[in-house]
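All remarks here apply to the structure that follows.
Nothing in this text is a laboratory measurement; each read-out follows from the coordinates by a stated rule. A quick note: this is a predicted structure, and the numbers were derived from the prediction, not measured. Cβ: placed from backbone, ideal geometry, glycine included. Neighbour counts: every protein chain shown.
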Amino acid sequence: MHPSNFDVLNSIGMKGKIQANYNGLLQKPIGSGFGYRSTASDIIEGIDLTGKIALVTGGHAGIGLETVKTFVRAGAKVVVPARDIHKAEKNLAGLENVLIRQMDLMDPGSIDLLAVDFLATGEPLHLLINNAGIMWVPLRRDKRGYESQLATNHLGHFHLTARLWPALKKAQGARVVNVSSYGHQMAPFNFEDPNFLHRDYETLQGYGQSKTANNLFAVELDRRGANFGIRAFSLHPGSVYGTELGRDAPAGLFQQMGLQDANGDIYPEVAAKLKNVAQGAATTIWCATSPQLKDIGGVYCENADIAELDEGSIEHKYDDPMTLHGVRSYSLDERNAKKLWALSEHMTGVLLPG
């Protein structure tokens, strides 16, 4: 049986010398040939995922759903954990090779149950897409007292990745993809008070630090996993029209940002610059499958390429989503990455095995 091109690209990547992306060492665009308007279908063309298994959190809506559809078209079997099983079944109806399983990223017990169920199959896990996320929520806490955006966007995914580690190792060539955001530029990680116990709650500060955590997690995960054939990436999908991420946003927020008029309608000139869902999923698919990344890991990507470092030289305008790009060095910092790893193990009580 001939190996798929996915096998080839990962086996090649396991042979070279591993270089960590600490402090953005590898953070340079490579001229992938793709761009802002590239779609998930553009990226997956010619890539065969037959026999591969993927797990996509948040895979029943938005860019997560597009990611699942793309993997299925390429031949993969996809597991979709969901808090709302009914909604997942409705949105995924008609897709073959999709398994829906119960899981809530705010509930550590449900993460454990899903992982136990998956490991019991004895199957490898080739692609883990940590896609689910929340934004613009009021102050909420999980049962442990952890702020909800941190708990959902980072800690739940850290917990899930650690529990599924044996299956990722068994793949002998796996990729873990953290769907981060340009929003990481809103805040570095606050190690002194990550749960807003001693400072006023600002929802975008909470979101920003959770997305910074996604980046730092990918940097350290790649460094630890590369010798096992596990490579990790984080990414900004772009400003995408047609997702549910803004469902909890305060009324009037988008008007204040210059994105909508007084009636709540998006300005046509802004809409023309946003990505659609197929374009929003493109960078996820590129990170998960591209042979161009066979010898690179731990990098933050956007527009289906490695992003450039932003040291304050990029002018960002919220009414021009195309300007919202670049990655801040604090979210790739070696000391921060190691510190967050230790904190995440402490907060979840889950140690990532060797």
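Quick notes on this one:
- Those aspartates and glutamates that a straight Cα-Cα span of less than 16 Å connects to Lys143, excepting residues fewer than 8 apart in one chain: Asp104, Asp107, Asp112
- Gyration tensor verdict on the range 102-213 (Cα atoms; rounded if a/c is under 1.5, prolate if a/b is larger than b/c, oblate otherwise): prolate
- Gain on full extension, evaluated as 0.36 nm per residue between Ala271 and Arg144 minus their Cα-Cα distance, stands at 41.7 nm.
- Residues of the range 48-70 with amide N under 12 Å of the 7 Å Cα→Cβ point at Glu123: 51-56
- Net charge in the neighbourhood of Gly326 (other residues with Cβ under 15 Å of its Cβ; Lys, Arg +1, Asp, Glu -1) is -3.
- Amide N proximity, the range 302-340 versus Ile18 label position 7 Å along Cα-to-Cβ, cut-off under 20 Å: 332-340
- Computed over Cα pairs, the Kirkwood radius of the chain leads via Stokes-Einstein (1.306 mPa s, 10 °C) to a diffusion coefficient of 79 µm² per second.
- For the residue pairs Lys77/Lys169; Lys170/Lys294; Lys77/Lys273, the alpha carbons lie more than 23 Å apart in Lys77/Lys273.
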